[in-house]
Structure formats: structure tokens, C-alpha cells
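Everything on this sheet refers to the single structure shown next.
The values are calculated or read from the model by the stated rules, or taken from the named source; none is laboratory data. Treat the numbers as computed from the prediction; the structure is a model and nothing was measured. Every residue, glycine among them, receives a Cβ derived from its backbone with ideal geometry; neighbour counts consider all protein chains shown. What goes into the accessible areas is simple: the full protein's heavy atoms, side chains included, and nothing from ligands, DNA or RNA. Shrake-Rupley method; radii C 1.70, N 1.55, O 1.52, S 1.80 Å.
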Amino acid sequence: MVKLILVLGDQLSESVAALRAGDKETDIVVMAEVADEASYVGHHPKKIALIFAAMRKFAARLREDGWQVSYTELDDTQNSGSICGELLRRAEQYGASEVVATEPGEWRLIDALGNCPLKVRQLEDDRFIASHRDFQDWAKGRKALRMEYFYRDMRRKTGLMMEGEQPAGDQWNYDHDNRKPAGGEVDTAPMQFTPDDIVNDVLDLVEARFGDNFGDLRPFHFATEPGQARRALAHFVRHALPKFGDYQDAMMEGEHFLWHAHLSGYINIGLLDPLEVCQAVEAAWKAGDAPINAAEGFIRQIIGWREYVRGIYYHEGPDYTRRNHLHHDRDLPWLYWGGETQMRCVGQAVAQTRTEAYAHHIQRLMVTGNFALLAGIDPWQVHEWYLSVYIDAFEWVEAPNTVGMSQFADGGVIASKPYVSSGNYIKKMSDHCGHCAYNVNAKDGEDDACPFNLLYWHFLDRHRERFSGNGRMGNMYRTWDRMAEDKRARILKQADRFLTRLDAGEPV
Ligand code: FAD
Ligand code: DLZ
Ligand code: SF4
């Protein structure tokens, strides 16, 4: 009996579970560009273009490999607009009664497939190092699900940078060697690819249909096929990896990528295999081409953080994205969509998000994320923003990073304390403050005081009951309590004024 094999836009790997379960001779691969997926949030146009172009090329490769592929383009007149609708249409066309899918990376779509009036078998997506079972086993009985211990298990499981049972260099984690502030000349950039005919067709389509979404579609230089993505990986390993470790947390005026990999989009849609990426990095370290803090730091992000957040997403269940432990309810300010702001660090992060669909981790966590948390923005709106604007944003990875790590809306499932900081951190790690209208050194609630400074104390003060007993935050509260009362009152008053202006939609 003919089966339909569903391949989604972020499942573009030849070895994905549903394809492995299919039979080239009899089965039909279904791929579809649909309005539902292209608009459940206002995706950055570059993200839609990357996915559609990579989908079209993947379908062509499958055909060359002997598969029969039934592909729906967005503008096809018969397009039903949803994945389930397309499956129903193809089931009727081919007389198929069964669908094999690889589990989607979002509860919304898992449910949609579950509710589709067809027999849909969802196989676990095994393009990860830890299976759902592995993560459940690891999480069982633990009081706290901290990444570091999970990461060590992943090192042992993969053997990456291991010497027998011991970590290479006798140290699991070189995080302390990954915190050099910005400095010097950035001597590398991610590899760029000139759009071919397929990409250009997609760009025209995306411009016509999604040209009003936040984000610049052109220029578009992303890799859209595995060969290109592998070249981008090799380029990163050769040119950027050696300094990745040192400058992982740094931020610099006008520099969008620094020594980061710019590979997350490719890994997340299946153009690169995460283990293959880590092995390339390990090989560079073994060959003496990259220092240990760079290789370990990088591998930790992939087999540590990436695997861990995926585990958390499925472990915590569908309500995770709606959590709001701190009861934050302020609307996301317009400045996140490019509205005017005097805050140089935020302005730069948002501007490059618009042009590149990319910001690196510290910009996401300690600038835009930190500001949203300090200002008390509704985490659901923050989550929708991150899910929209980045090239690599898929809910399984975006939500734990945003709701958990960045906004503490999960009440501490991921982070043992909120990632909040005053302007001091940004001053230390970047050169933005020297170009800013605000004064990062103002500590007394002056008119031009850096908003991060004001809101930092405002956050601690308004959440005193929740956090003053947190051992890791004791120092912060002691510093606050040691300040003279009138100084504290001035800071809080200025912070309130700032928030009132923010709520009124005034440029801040
Ligand atoms: P590098 O900094 O060079 O890191 C190398 C690789 O490690 C990345 O390509 C990525 O695959 C992996 N990685 C690094 N940090 C993380 C992390 N915290 N979680 C998962 N993988 C990680 N990452 C996404 O892939 N998709 C998202 O939607 C996403 N949303 C985020 C939202 C917030 C609020 C924050 C704080 C982080 C988010 N991240 C997300 C994690 C991280 O910021 C990006 O993976 C990284 O910036 C991608 O750029 P890069 O390829 O240059 O990564
Ligand atoms: C993100 C995305 C977009 C923009 N468009 C499509 C599409 O038209 N067809 C498709 O199969 N997948 C698309 N995707 C990826 C899905 O949204 C993704 O598979 C789910 O969010 C689960 O991660
Ligand atoms: Fe950002 Fe404050 Fe520095 Fe301005 S002074 S760049 S707002 S941290």
C-alpha cells in the first residue's frame, strides 16, 4: 500500500527518520510550502527564503535519488494552505491511507498532525545525540536540571574531546576563558553564497508575499544546500574558530558576526549534522589549529546547550511557552521592531537583526533579552519576537532559550537565577556605551542614567520577595540595601519614569 512520507521545511536531511522508514519504489514524499507555516508568526523574510529555497533543492535531490516527490509551491492554485490539508489532498490523489512523519519541532504542529483525519505515524526525530528517552532518564529524580551535568554525559556518550573517561585537558568546561571583551580587528566573516536561479525565484516570491514582514530580504547570501553549508563550516573552522573561545561573549559596534559560526540556521533545518560539525571542530583542535577553550566552548554549545534545550522543550510540555513566573505583562515596545531608541546596544542588536536575521547569543541574552526581563515585558510576546526574527528560530530551541534562559518565565527550570545585569556588563563586553546617548557610569538615578542601570535595581526591588533568598543573588541585594535610602528612591523614581515613557510609546 502506498504511504505518504512527510518532510517538513526543517527536516531536510536525507537520513531523516520518515525517509528511512519509506520505500522509494512505492511511497510518495510530500513536501509543501504552506501559508500556515509561513505565517504562524511574522517570520523574517530571509528565514522564509532560506527554508523555501532549501526545500526546493532538497526535493530535487530526492528526485535524483529515485524518490517520487509531490511538492507544493506556495503559489500553486491547489495549495490548501496547511500541512494537513496537503496530506489530505495527496492521500486522495495517490490513494494513500497512511502517512509517516518525523516528529515536528513544535507542539502546535505535532497536534495538527495528530488531529489530521488520516493515519499519521510520527517517528522520533533522531538527528540529535540525546533521544527523548535519554533525556527523561537523565532528568528522572533530579531536583534541578542543570545543563553542565547533562553536557558531561553527552561528552561521554559522543567521546568528543575525551581521553578515556576524562575530559581533554582535565577540565570539562573552559567558560572562564571565553570572556574576553571586544577588541582588535575582526579578521573574518561568514561565507557568503551568490543566489542561483532557484534562490532568485524564491526571493521574488517571498518579496511579493512577505515583503512587509520585519526584516530585509536582500541581500541574501545564505547557503541553501548541504555542499555550501559544509563549505561554510570549513570556512568557520579555519578562520573564526581559533578566536571563537576568547571572544564568544564580546560585542562590537557595527560587527554582526565577530568570530561566531553563523551555522545554527543550517544545523536546525538539516543542512548540517550537529555531530559532523562538532567532529570538524574537534579535528581542528587535535591538529593544533584551534585552542582548547575554543573547541570545548563550541562543542559545549552544540552537544550541551542545543541538546539540553531540546530535552527541556519536550520534557516540559506544550504549556511551556505560556509560562510567566514573574507575572510580567508589559507590551513589547515598538523599538523591538526597529522603532527609534537612544539605547545604542539595543538599537544595534535590533538593526542587525533586521538586516541579517542574526544576532549572536550574548546580544540575544544580555541585550534584547536582558532589557525585556528588566522592563517586565510579557514573556509570550518576547517569545513570539524571537521566534519571528531569527534565521534559526524553531520553537523547540527558541522557547527554552527565551522563556527559560532569558526571561526566567519558567521559574528556574533552566536557570538558577535570572540573567539580569546592569549596563556594567554591556560596558565591559562591548564598545557600545562610548557611542550611547545614555551614561553607563551614572549610578545615582541621573536624568541620562543608562536604563539598564535603573531597571536592574527596579527589577531586584520589585521581585525582592522572590529572589532575596536566592543564594546566588544575595550580593546584589546587599549592595542595593547598602545604598542610601534617598539614592534608592531616586533610582526607582527614574526607572518608573523611564517605564512610563516606554509605555507611552515615546522613543527611549
Ligand atoms: P555560535 O555562537 O557560533 O554557537 C555555535 C552553535 O552552538 C550554534 O550554531 C548553535 O547550533 C549552538 N548553540 C549555541 N548556543 C545555543 C543555545 N543557547 N541553544 C541552542 N543551541 C545553541 N538558537 C537557535 O538555534 N535558535 C533559536 O531560535 C534561538 N533563540 C534564542 C533566543 C534567545 C533569547 C537566546 C538567548 C538564545 C537563542 N538561541 C537560539 C541560541 C543562540 O543564541 C544561537 O544558537 C546562536 O546565536 C546561533 O549563532 P551561531 O551559529 O553563530 O552560534
Ligand atoms: C518555518 C517554516 C516555514 C516558514 N514554512 C514552512 C513551509 O511552508 N512548509 C514546511 O514544511 N515547513 C515550513 N517551516 C518549518 C515548520 O514551521 C517547522 O517544521 C515547524 O515549526 C516545526 O519545527
Ligand atoms: Fe546600552 Fe546603557 Fe551602554 Fe547605552 S549606556 S549602550 S543603554 S548599556
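From largest to smallest, the equivalent ellipsoid semi-axes obtained for the range 59-124 from the alpha-carbon gyration tensor read 20, 15, 13 Å.
Remark: the range 34-41, residue by residue, has Karplus-estimated 3J(HN,Hα) of 10, 4, 4, 6, 7, 9, 5, 9 Hz, where x stands for each Gly or Pro and the curve is 6.51 cos²θ - 1.76 cosθ + 1.60 at θ = phi - 60°.
When you count the other C-beta atoms within 10 angstrom of each residue and take the mean per peptide, 5-18, 408-421 line up highest first as 5-18, 408-421.
What would the Debye equation give as log₁₀ I(q)/I(0) for the range 4-123 at q = 0.10, 0.20 Å⁻¹, counting only Cα atoms as equal point scatterers? Per q value, in the given order, log10 I(q)/I(0) is -0.26, -1.17. Proximity of backbone amide H atoms, modeled 1.01 Å from N, is registered between residue 249 and 180 at under 5 Å, excluding neighbours fewer than 5 places apart on the same chain. Measuring against 20 Å, Cα to Cα, the residue pairs 243/428; 24/57; 427/493; 180/243 contain 427/493 as the ones spanning a longer distance.
How big, on average over all directions, is the shadow cast by the Cα convex hull of the range 334-503, in nm²?
9.5 nm²
Net charge of the neighbourhood of residue 433, taken over other residues with C-beta under 14 Å away and scored Lys/Arg +1, Asp/Glu -1, is +1. Put simply, the amide H of residue 68, placed in the peptide plane, has neighbours under 5 Å in 29, leaving out anything fewer than 5 places away on its chain. Beyond 15 Å, how much of the Cα-Cα pair distribution for the range 311-359 remains, as a whole percent? Roughly 61 percent, once rounded to a whole number.
The Rg/Rh ratio of the chain, with both radii computed over alpha carbons and Rh defined as the Kirkwood radius, is 0.97. Rounded to the nearest Hz, the phi-derived 3J(HN,Hα) couplings of the range 281-294 under the Karplus curve 6.51 cos²θ - 1.76 cosθ + 1.60 (θ = phi - 60°) are 5, 4, 4, 5, 5, 4, 7, x, 8, 8, x, 5, 5, 6, where x marks glycine and proline.
Roll a 1.4 angstrom probe over the protein heavy atoms and tell me the percent of accessible area of the chain that is carbon or sulfur.
Here carbon and sulfur together make up 46 percent of the probe-accessible area.
Take the Cβ atoms of residue 481 and residue 428, set R0 to 30 Å, and the FRET efficiency comes out at 0.80.
Kirkwood radius and radius of gyration were both taken over the C-alpha atoms of the range 113-198, and their ratio Rg/Rh is 1.14. Solvent exposure of the chain amounts to 41 Å² per residue of accessible area, where only protein heavy atoms count and the probe is 1.4 Å. Phi-derived couplings, Karplus 6.51 cos²θ - 1.76 cosθ + 1.60 at θ = phi - 60°, listed residue by residue for the range 204-214: 5, 4, 5, 4, 5, 9, 10, x, 8, 5, 4 Hz, with x used for Gly and Pro. Each peptide in 444-450, 311-317 receives the mean, over its residues, of other Cβ atoms within 10 Å, and ordering these scores from highest gives 311-317, 444-450.
Step by step: find N for the range 242-305, compute 2.2 N^0.38 Å, then divide the Cα radius of gyration by it. What's the final number?
Normalised Cα radius of gyration, the range 242-305: 1.13.
Remark on residue 439: its backbone amide H falls under 5 Å from those of 449, 450, a criterion applied only to residues 5 or more positions apart or on other chains, H modelled at 1.01 Å from N.
Set against the 2.2 N^0.38 Å expectation for a compact globular protein, the range 18-79 has a Cα radius of gyration ratio of 1.23. In the chain, Cα pairs under 8 Å separated by at least six residues give a relative contact order of 16 percent. Highest-first packing order for the peptide set 467-480, 284-297, 148-161 is 284-297, 148-161, 467-480, based on the mean count of other beta carbon atoms within 10 Å.
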